[in-house]
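Student: Before we start, here is the structure in question, set down as structure tokens.
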Amino acid sequence: MMPFVIHSIGERLYGMWALIGTFMGYYGYMDFGLSIATQRFMAGAIGHNDTDELNRLFNTSLTILAVLAGAAVVITIVIAAAAPLMFVDSAEVETFRAVILVLALNIAVTLVMAPINGLITGTLRYDVATYVELGKLVFRTALIIYFIGAGYSILALAVITLLSMWGRMRSGRRSR
């Protein structure tokens, strides 16, 4: 996909996309391993048929991850405000801000959805998690080919990434 995307949007915008991807990549550390720990302990609670423990784990991880999602959005707003320090052209500043804010929303929703992914993998339904991941890949690839081929820019890539976020943090693996 990379040669297709670079050829379609140009080297400069692809460079911006790579820069934004670097910023977003660091957000993967914001869960501090909580997503994987949630999966592990939920699997234990499910194995012991302890619904009280499962509810406690789910609610606690959801609360902590929601706070972390809020922190990610605040950090992204600060980065977006600093865009004029990175770009001279006002159109590039606005593109950067729009794309990074859409991707921050993606990160925030992904963090909040992690306990649900923990339930899916905690019940050892890796088949469901794999089907979700494959469906997301096909969906995202088709949208990228259609919209980038039609002349849309990296904002379309960001929206496509947001739309295809399901299953993103499954098993601690993050995709871009």
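Student: Put F96, F87, F58 in order of accessible area, largest first, 1.4 Å probe: what do you get?
Tutor: Heavy-atom accessible area, descending, gives F58, F87, F96.
Student: Determine the distance separating the Cα centre of region 75-139 from the Cα centre of region 1-67; give it in Å without decimals.
Tutor: After rounding, the separation between the Cα centres reads 8 Å.
Student: Between 0 and 90 degrees, rounded to the nearest ten: what's the tilt of helix 11-26 against the longest Cα principal axis of the chain?
Tutor: So the inclination is approximately 30 degrees.
Student: To test your reading of the geometry: what angle, between 0 and 90 degrees and rounded to tens, separates the Cα axis of helix 34-47 from the longest principal axis of the chain?
Tutor: Computed tilt is about 30 degrees.
Student: Which angle from 0 to 90°, rounded to the nearest 10, does the C-alpha axis of helix 90-122 make with the longest principal axis of the chain?
Tutor: Once rounded, the angle reads 20 degrees.
Student: Could you give the accessible area per residue of region 50-176, probe 1.4 Å, as a whole number in Å²?
Tutor: 52
Student: Using +1 at the Cβ of each Lys and Arg and -1 at the Cβ of each Asp and Glu in region 43-176, identify which of L65, L111, G122 lies farthest towards the dipole's positive end.
Tutor: Going by the charge dipole, the pick is G122.
Student: Moving to a separate point now. If you work out semi-axes √(5λ) of the Cα gyration tensor in Å from the coordinates, which of (1) 33, 20, 10; (2) 25, 19, 17; (3) 28, 19, 13 do you get?
Tutor: The calculated read-out lines up with (1).
Student: Could you tell me the relative contact order of region 63-176? Use alpha-carbon pairs under 8 Å, at least six residues apart, and round to a whole percent.
Tutor: Value for region 63-176: 31 percent.
Student: Percent of accessible area on region 1-147 owned by carbon and sulfur, 1.4 Å probe?
Tutor: Looking at region 1-147 in its full context, I get 71 percent from C and S.
The values are calculated or read from the model by the stated rules, or taken from the named source; none is laboratory data. Keep in mind that what you see is a predicted model, and the values were worked out from it rather than measured. In this analysis, Cβ positions are derived from the backbone assuming ideal geometry, glycine residues included, and neighbour counts consider all displayed protein chains. With ligands, DNA and RNA removed, areas are computed over all heavy atoms of the protein, side chains included. Shrake-Rupley method; radii C 1.70, N 1.55, O 1.52, S 1.80 Å.
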